[in-house]
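These notes are about the structure you will find just below.
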Amino acid sequence: MRARKRTFLAVAFLLLLIIPTGCGKKTESWAYAYEPTEEVVSFYDNGKAVYKGNDYSYSKDDTYITLKAKDGSEEKLRYEMEGDTMLLYEKSTYKLSGEESKGSIVGTWLQDNGWSYVFTEDGTFSEEGFFNGHYSVDEEKSCIRLMYDDPIEDAYLYYTLSGDELTIDYPWPMTKIALN
């Protein structure tokens, strides 16, 4: 009887090694352009994704990647393809510092980590106190265009304003990681 049990266990173990376990095959892998070897997000052919080390199921259309966590919560990430690269818009929430102008983006906006935006009435901005320029707002599209003074390409930020909170979808250039 013991020999049969050992044989059965050995065959079962070998089958586990041979039969695919539903992990899926990785179809896409992306990294920030400034860290091209550090994977940020990957997609699998079985509808699974890994984003910043966390597991999700996902769906994707021409504008959004929707990530669903095991607890049922969802995160929608806007993205735009530009040839072989992708702009992935990641959300950051800022709090209005003071009473400058509730109801508009004009004011000083701070994040817990110290990052900041300052938008003035006259259409100038400061990002992190270092990058400066002019901005325009397309309220219909909920989009802020940042036109930097430095030779930096214009950035388009999508935003949501709710009381004293400004949520910005910031575009991060992504590069594809070659799959093995």
Legend entry - Charge dipole (the chain, unit charges on Cβ, about Cα centre) - positive-most of 174, 120, 51: 51
Legend entry - From the coordinates shown, P(r) over Cα pairs in 5 Å bins from 0, in percent corresponds to which of [x] 1, 6, 13, 16, 17, 12, 6, 3, 4, 5, 5, 5, 4, 2, 1, 0; [y] 1, 7, 12, 16, 14, 12, 11, 8, 5, 3, 3, 2, 2, 2, 1, 1, 0, 0; [z] 1, 8, 17, 21, 21, 16, 9, 5, 2, 1, 0: [y]
Inset, instruction - Give the share of C-alpha pairs in each 10 angstrom bin for segment 97-156, from 0 to the last occupied bin, in whole percents, shortest bins first. - result: 22, 55, 23, 0
Legend entry - Dipole magnitude of the chain, debye to nearest 20 (Cβ charges: Lys/Arg +1, Asp/Glu -1, about Cα centre): 2260
Inset, instruction - Give, as ranges by residue number, the residues of segment 54-84 whose backbone N falls under 18 Å from the point 7 Å along Cα→Cβ of residue 45. - result: 58-60
Inset, instruction - Give 25/141; 48/95; 26/95; 68/141; 70/95 a once-over and call out the pairs whose C-alpha atoms are over 31 Å from each other. - result: 25/141; 48/95; 26/95
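Taking 30 Å as R0, compute the FRET efficiency from the Cβ-Cβ separation of residue 68 and residue 124 and round it to 0.05.
My answer for the efficiency is 0.15.
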Inset, instruction - Starting from the amide H of residue 85, placed 1.01 Å from N in the peptide plane, find each other amide H under 5 Å away whose residue is 5 or more places distant or on another chain. - result: none
Inset, instruction - Mind running the shape call on segment 65-171? Use the C-alpha gyration tensor, a ≥ b ≥ c as the square roots of the eigenvalues: rounded below 1.5 for a/c, prolate if a/b tops b/c, oblate otherwise. - result: oblate
Legend entry - Additional length obtainable on full extension of the chain from residue 85 to residue 27, 0.36 nm per residue less Cα span: 19.4 nm
Legend entry - Farthest positive-ward along the chain dipole, Cα basis, beta-carbon charges - from 86, 24, 105: 24
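FYI, it's all coordinate maths here, none of it is from the lab. Fair warning: this is a prediction, and the values are worked out from it, not measured in the lab. Virtual Cβ from ideal backbone geometry, glycine too; neighbours counted across all protein chains shown.
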